[in-house]
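The values are calculated or read from the model by the stated rules, or taken from the named source; none is laboratory data. Because the structure is predicted, anything quoted here is derived from the model rather than measured. Quick reminder, even Gly has a Cβ in these numbers, built from the backbone with ideal geometry, and neighbours come from all protein chains shown.
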């Protein structure tokens with residue numbers, strides 16, 4: 001059954017699983033009793049649920065999550081050592097699954113007894129309120145080390161990577177020679193125009209597949225921290241809003257439907273729930289300020305994931321139309337830029 005998990009060194013995975021089973025008294029003498037189920041929806045790694053019978057009880061099964069890292073992805077898009085460190089710290093704060101073991105090319109995590117949210121769940125008022133409160137709590141996590149904003153330097157690094165990978169045709173189609181000027185422009189403009197300056201530990205990829213809910217307690221768990229770093233909290237909220245245009249479990253998971261982007265009332269409600277989760281009723285001007293700033297930061301989200309898609313299309317083997325995904329993100333950037341930066345002169349000088 002372990003042959004269903006495509007890794008270069010299955011023996012290292014078997015060794016970790018045997019060690020864990022022995023630790024819990026569930027000695028798995030016959031590896032064929034292990035069952036493997038593919039978990040769908042991941043776009044960077046491949047994820048599998050692994051189960052086996054607990055000792056002396058064939059009716060109860062031990063459940064673990066095996067995460068196989070995307071080949072080459074960790075070297076280009078994020079630092080795998082930083083991700084593991086973040087995983088361990090976040091786990092200690094009680095915000096996610098425990099790290100149970102590592103093997104060559106992946107890791108084994110605690111299986112959370114909860115379901116992953118669906119695209120529709122993000123529009124449910126009660127579920128959305130719980131996500132907002134959990135995100136506020138997540139932003140308060142204290143990760144040791146550098147707390148500087150990472151988004152701008154990360155995009156510049158991704159741009160260099162994308163240029164080194166791209167064919168001349170892709171380089172021209174995506175207009176990559178113009179993107180560095182856009183990154184510089186956004187960094188300057190958003191730092192200048194956005195009055196909500198709070199920096200927090202941001203998830204940076206809060207799509208519905210990275211949020212789980214315990215249906216008995218309604219507790220929310222945020223998972224998968226590959227891209228987590230310190231950033232403006234307005235950016236993290238903006239990225240969450242952008243993710244509402246996606247349905248990664250549809251027949252066309254790469255297609256984004258921006259008619260589903262939340263309207264002002266829905267965004268305001270989320271931000272109200274986010275701010276009020278601290279126990280105090282937020283001021284209307286604070287809600288409006290974060291609402292306006294988050295909307296501007298959607299531009300950064302479009303560039304960020306546009307670059308991610310270009311790199312992923314060259315290095316990731318998961319079946320997903322990364323190039324088309326990037327086209328849509330860049331298209332949305334150029335479409336919204338004049339409205340959100342409200343500077344026609346600047347837009348004319350930097351437009352395609």
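Brief remarks follow.
- Selection from the range 273-285 of residues that are touching a residue at least 24 places away in the same chain (Cβ under 8 Å) and in a helix (DSSP H, G or I): 273, 274, 275
- The residues of the range 313-331 that are in contact with a helix residue (DSSP H, G or I) (Cβ under 7 Å, 6 or more places away or on another chain) and either closer than 13 Å to residue 302 by Cα or not assigned by TED's automatic domain parsing to the domain that holds residue 167 (or both), listed by number, are 325, 326, 329, 330.
- Candidate set: the range 214-230, residues that are farther than 22 Å from residue 151 by Cα and in contact with a helix residue (DSSP H, G or I) (Cβ under 7 Å, 6 or more places away or on another chain); chosen: the one surrounded by the fewest Cβ atoms within 10 Å (Cβ to Cβ): 218
- Test: residue in the range 182-195 that is in a loop (DSSP other than H, G, I, E, B) and either under 21 Å from the mean Cα position of the chain (by Cα) or at positive phi (or both): no
- All conditions in (1) outside any helix (DSSP H, G or I); (2) within 30 Å of residue 113 (Cβ to Cβ); (3) at pLDDT below 95 hold for residue 209, with the sole exception of (1).
- Number of the condition not met by residue 192 [criteria: (1) in contact with a strand residue (DSSP E or B) (Cβ under 8 Å, 6 or more places away or on another chain); (2) modelled with pLDDT under 95]: (1)
- On inspection, residue 300 does not qualify as in contact with a strand residue (DSSP E or B) (Cβ under 8 Å, 6 or more places away or on another chain), buried (at least 16 other Cβ atoms within 10 Å of the Cβ) and more than 17 Å from residue 132 (Cα to Cα).
- Exactly one residue among 145, 94 is surrounded by fewer than 18 Cβ atoms within 10 Å (Cβ to Cβ), at positive phi and not assigned by TED's automatic domain parsing to the domain that holds residue 257, and that residue is 94.
- Matching option when the condition is touching a strand residue (DSSP E or B) at 6+ places or on another chain (Cβ under 6 Å) and at pLDDT below 95, among 217, 221: 221
- Helices (runs of 4 or more DSSP H) enclosed by the range 71-170 - at least 1 residues per element that are in contact with a strand residue (DSSP E or B) (Cβ under 9 Å, 6 or more places away or on another chain), without any contact (Cβ under 8 Å) to a residue 40 or more places away in the chain and more than 21 Å from residue 207 (Cβ to Cβ): 80-92
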